């Protein structure tokens, strides 16, 4: 009896699993088409060539990702995923990029860091889905690791200075961090 029941249930389970798999694929395709579709209240997704996408990604990671994050989900700056940026027109986004905001975003155009063409390109870029950053796992980290001061050369006791009043200053464009003594205002290390 159990054997017959198993033979009867096997085709039913197989059909059910196939339907679930196809349903998932249909949902993924539908989600992708909705992202590109015209949705009331959202701007259409601007098309960019691969060359434009690469150039815009370079500008974004150089100028924007420090505040908005690699995937644009926000960090010190707000979330600027397409769900948010497509609610604004390209002209509005260009104005924000060019002039900045009262909330602390720099005016990249006014400051001479971006041209008008780069501003327009970046406005289109932020209305597209963000490219996925490359994975950076433990293997890659260990391969890039460089010991600057061997263990036997490191200090064995705390410095004589008030180390609790040291602070770091990020020199973003130079790609450096300076350690400053807060008591004397002396740059200890760069």
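Points to keep in mind about this one:
- Test: residue in the range 95-103 that is free of Cβ contacts under 8 Å to residues at least 24 places away in the same chain and within 19 Å of residue 52 (Cβ to Cβ): yes
- Filter result for residue 189 (in contact (Cβ under 8 Å) with a residue 12 or more places away in the chain and farther than 30 Å from residue 46 by Cβ): no
- Residue check, residue 139 under 21 Å from residue 76 (Cα atoms), free of Cβ contacts under 8 Å to residues at least 24 places away in the same chain and under 23 Å from the mean Cα position of the chain (by Cα): no
- The residues of the range 58-85 that are touching a residue at least 24 places away in the same chain (Cβ under 8 Å), assigned to a loop (DSSP other than H, G, I, E, B) and within 17 Å of residue 131 (Cβ to Cβ), listed by number, are 64, 70, 71, 72, 80, 81.
- Qualifying residue in the range 34-44 (condition: part of a loop (DSSP other than H, G, I, E, B), on the phi > 0 side of the Ramachandran plot, exposed (fewer than 15 other Cβ atoms within 10 Å of the Cβ) and at pLDDT below 95): yes
- The criterion of at least 2 residues that are surrounded by fewer than 11 Cβ atoms within 10 Å (Cβ to Cβ) is met, among strands (runs of 3 or more DSSP E) falling completely within the range 97-190, by 166-171.
The values are calculated or read from the model by the stated rules, or taken from the named source; none is laboratory data. Treat the numbers as computed from the prediction; the structure is a model and nothing was measured. Because the Cβ atoms are built from the backbone with ideal geometry, glycine has one as well, and the counts that use them run over all protein chains shown.
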